[in-house]
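Report on one structure; see the data block that follows.
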Amino acid sequence: MIDPAKIFSISTSEEFEAATLEIFRHQYRNNSVYNNFCRLLGRDPEKVTSLEQIPFLPIQFFKTQRVLSTEAPVEITFSSSGTTGSSTSRHFVTDLSVYEQSFRKGFRRFYGDISEYAVLALLPSYLEREGSSLIYMAQDLIKGSKNPHSGFYLHDLEALKEKLLLLERQGQKVLLIGVSFALLDLIENHSFQLKNTIVMETGGMKGRRREMIREELHSILKKGFGVDKIHSEYGMTELLSQGYSKGEGIFECPPWMKILVRDPEDALEFLSPGKTGGLNVIDLANVNSCSFIATQDLGKELRDGSLEILGRFDNSDIRGCNLLVL
């Protein structure tokens, strides 16, 4: 069994690679779905000595299989939103404390102490269903802020407007985290000049508005909220960690998470920085499910190791991942 404390204490690339290879061998032995996939590829775990040699499980397996690397009882099942008539992904979580450590430590790394913020969550499409990992995280951040103004907003945009203006007058640091269509709804009737607020979009129009590329969306949001940058969160049902962008769609990951860019023509080959391909995610917080996931997202690695996320493969289904369709 891998100690989660070891995962969240990673500070170097050498420590990350050692922990990754250890978790790979653990999941090969204990995850029947992943084991069968690796065997179909003819991959011998004893001959895997680098990250690039590790097989990445196609994300679609979370729609049809119980992807687990432990026999421990399931504490919670997170599910994707999906669309009418489409199947949803299910992530069986056997240790909620690992998820909590992951998003708490990840947020602190990029944004500091959550108790410094009032957290306003505008996530109507997520609140209206069961099983959202984003709602679970937002609830915890709201509680952790210990700020009486923190809370969820469903459809009461007028109340949210008044709250933002009040907190702005008070000089309170604010995290406004919202799904794209709801943020657009908010600024359609209200104009802001926010100096103390981080506006963070979690992507997705959920069929409520036309899809648009990131540059267009962020341009509209920056003008409407009166801010210089729009922040973004990269996460999904199948992951227990998140990457963050502080603007321009450039994302960074915490030390226990890494994204590799695969060749769209050859899924077993990887691309050098600057080239666009599919995103393979290593998320060591997924120690009890599968830490190696081939997503349907597109992006490219930049020279400094950060990542630009560009969209999604055209043939993948539109789903509740916080990402815009190209």
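The values are calculated or read from the model by the stated rules, or taken from the named source; none is laboratory data. The shown structure was predicted, so the numbers you read here are calculated from the model rather than taken from an experiment. Glycine also receives a Cβ, built like all others from the backbone with ideal geometry; neighbour counts cover every protein chain displayed. Keep in mind that these areas ignore ligands, DNA and RNA; they rest on the heavy atoms of the full protein, side chains included. Shrake-Rupley method; radii C 1.70, N 1.55, O 1.52, S 1.80 Å.
Summary table below
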{"item": "Test for residue 177: is it in contact with a strand residue (DSSP E or B) (Cβ under 8 Å, 6 or more places away or on another chain), at pLDDT 95 or above and either in a strand (DSSP E or B) or under 30 Å from residue 115 (Cβ atoms) (or both)", "result": "yes"}
{"item": "Given (1) part of a helix (DSSP H, G or I); (2) at pLDDT 95 or above; (3) open to solvent by 10 Å² or more (accessible area, probe 1.4 Å), number of the condition residue 5 does not satisfy", "result": "(2)"}
{"item": "Boolean, residue 71 is in a loop (DSSP other than H, G, I, E, B) and open to solvent by 10 Å² or more (accessible area, probe 1.4 Å)", "result": "yes"}
{"item": "Selection status of residue 88, under 18 Å from the mean Cα position of the chain (by Cα) and exposed (fewer than 15 other Cβ atoms within 10 Å of the Cβ)", "result": "no"}
{"item": "Options 279, 271; residue that is in contact with a Gly (Cβ under 7 Å, 6 or more places away or on another chain) and either modelled with pLDDT of 95 or more or under 21 Å from residue 214 (Cα atoms) (or both)", "result": "279"}
{"item": "Residues of the range 38-58 that turn out to be touching a strand residue (DSSP E or B) at 6+ places or on another chain (Cβ under 6 Å) and open to solvent by 10 Å² or more (accessible area, probe 1.4 Å), as a count", "result": "3"}
{"item": "Residue that is most open to solvent (accessible area, probe 1.4 Å) [pool: residues in the range 284-298 that are part of a strand (DSSP E or B) and either farther than 30 Å from residue 32 by Cα or touching a residue at least 60 places away in the same chain (Cβ under 8 Å) (or both)]", "result": "296"}
{"item": "Enumeration of residues in the range 164-219 that are surrounded by 15 or more Cβ atoms within 10 Å (Cβ to Cβ) and on the phi > 0 side of the Ramachandran plot", "result": "203, 204, 206"}
{"item": "In the range 30-52, residue nearest to residue 263 (Cα to Cα) [restricted to those that are without any contact (Cβ under 8 Å) to a residue 12 or more places away in the chain and outside any loop (DSSP other than H, G, I, E, B)]", "result": "40"}
{"item": "Residue match in the range 231-245 (condition: in contact with a strand residue (DSSP E or B) (Cβ under 8 Å, 6 or more places away or on another chain), modelled with pLDDT of 95 or more and more than 26 Å from residue 198 (Cβ to Cβ))", "result": "no"}
{"item": "Number of positions in the range 260-275 that are in contact with a Ser or Thr (Cβ under 9 Å, 6 or more places away or on another chain) and either open to solvent by less than 30 Å² (accessible area, probe 1.4 Å) or among the hydroxyl-bearing types (Ser, Thr, Tyr) (or both)", "result": "1"}
{"item": "Tally of residues being open to solvent by 60 Å² or more (accessible area, probe 1.4 Å) and part of a helix (DSSP H, G or I) across the range 8-17", "result": "4"}
